[in-house]
1. Restricting attention to segment 53-117, which trypsin sites (Lys or Arg not before Pro) occupy a DSSP loop and are surrounded by at most 14 other Cβ atoms within 10 Å?
2. Can you check what the net charge comes to around A109, using other residues whose Cβ is under 15 Å from the Cβ of A109 (Lys, Arg +1; Asp, Glu -1)?
3. Sum up the charges of everything whose Cβ sits under 10 Å from the Cβ of Y51, counting Lys and Arg as +1 and Asp and Glu as -1, but leave Y51 out.
4. Once you have the Kirkwood Rh of segment 32-113 from its Cα pairs, apply Stokes-Einstein at 37 °C and 0.692 mPa s and quote D in µm²/s.
5. Using the Karplus equation 6.51 cos²θ - 1.76 cosθ + 1.60 (θ = phi - 60°), what ³J(HN,Hα) coupling, rounded to whole Hz, does each residue of segment 110-115 give in order, writing x for Gly and Pro?
Amino acid sequence: GSDGSHCRCPDPKALQPNGSSTYSERLLVGFRFFDAHALAPAFPFGAGLSYTTIAWSGLVVTQTSAHFTLTNTGKVDGAEDVASHGWTVVPGLFEVRVGASSRDIKLSATLQVPTSE
């Protein structure tokens with residue numbers, strides 16, 4: 001429920017001597033837990049409030065970079081914070097998503113990672 005009872009977060013009293021803890025959810029932590037259980041967080045990551053609007057456009061993805069354009073389309077000055085996350089991936093076809101949050105995808109593109117010879 002909204003009181004957090006659906007979350008099996010580690011008990012702070014059960015921390016290991018080095019301060020670590022074991023998450024039985026494995027990869028289902030953070031937004032992945034909410035998505036896997038069709039739960040709506042009160043405020044998804046990136047859901048900050050603004051007095052302006054931002055347009056997202058022109059996503060271009062290559063093997064080594066991703067570029068896109070943010071344009072303030074509102075009537076007042078504003079800014080948008082951008083964070084990028086990269087991984088080493090196996091060969092294959094991948095979808096690259098850009099958005100204000102994991103639940104507010106603005107742009108997407110596909111990337112083919114070739115097999116190395």
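No lab work stands behind these numbers, since they all come straight from the coordinates. Note that this is a predicted model, so its numbers are computed, not measured. Ideal geometry is used to build each Cβ from the backbone, glycine not excepted, and the neighbour counts take in all protein chains shown.
1. K75
2. +1
3. 0
4. 224
5. Using θ = phi - 60°, the values come out as 9, 9, 9, 9, x, 6 Hz.
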